[in-house]
Amino acid sequence: MSVRKNKIDRSVSSPLLIKIMKKLGFNGTAKTKIIPPFIYDLPLEFQSAFLRGFIIGDGHVEKNGPVDISSVNELLIDGLQDLLLNFGIVAYKRKQSFKKTNFIN
């Protein structure tokens, strides 16, 4: 495992882990990845763990407020909405445009 220059992101270099993740259905790009179908059949405890991991990776939780998740992939967002419904959470999506910026400093 290594820590990226931003001191936040971590990476794991493991060909075996990559093979396992792909076999489980975790593949694709930002625009094509989906939640693997087996996730919806897991007990709620494991679905919750999946959601926590997803939010840590691609979102954030406002203090006393909403959970924000950003993605260019509408199918992925739809899948997250379906998963959240298992917990009685109705999630809304909105389109938002961002300008590309330089995140240095």
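The values are calculated or read from the model by the stated rules, or taken from the named source; none is laboratory data. Computed from a prediction, not measured in an experiment: that's the story for all the values here. Heads up, the Cβs are rebuilt from the backbone with ideal geometry, glycines too, and the neighbour counts pull from every protein chain shown. These accessible areas exclude ligands, DNA and RNA; they are computed on the full protein's heavy atoms, side chains included. Shrake-Rupley method; radii C 1.70, N 1.55, O 1.52, S 1.80 Å.
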Based on the Cβ-Cβ distance from ASN64 to ILE20, what FRET efficiency comes out when R0 is 22 Å, to the nearest 0.05?
0.05
Summed residue charge, Cβ within 15 Å of VAL90's Cβ, Lys/Arg positive, Asp/Glu negative:
0
Which whole-number percent gives the relative contact order of the chain, counting Cα pairs below 8 Å spaced six or more residues apart?
17
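So what is the accessible area of region 24-105 per residue, in Å², with the probe set to 1.4 Å?
For region 24-105, the solvent-accessible area averages 80 Å² per residue.
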Determine the sum of side-chain charges near VAL72: Lys and Arg each +1, Asp and Glu each -1, restricted to other residues whose C-beta is under 15 angstrom from that of VAL72.
+3
Report, to the nearest whole %, how much of the accessible area of the chain belongs to carbon and sulfur atoms, 1.4 Å probe, protein only.
59
How much FRET efficiency would the formula 1/(1 + (r/R0)^6) give for THR101 and ASP78, where r is the Cβ-Cβ distance and R0 is 22 Å, rounded to 0.05?
0.20
Once whole DSSP H runs in the chain are found, which of them have Cα atoms spread over 18 Å or more along the helix axis and a mean Kyte-Doolittle score of at least -0.5?
44-58
Enclosed volume per residue, in Å³, of the convex hull spanned by Cα atoms of the chain:
151
GLY57 neighbourhood, Cβ < 12 Å, K/R = +1, D/E = -1, net charge +1
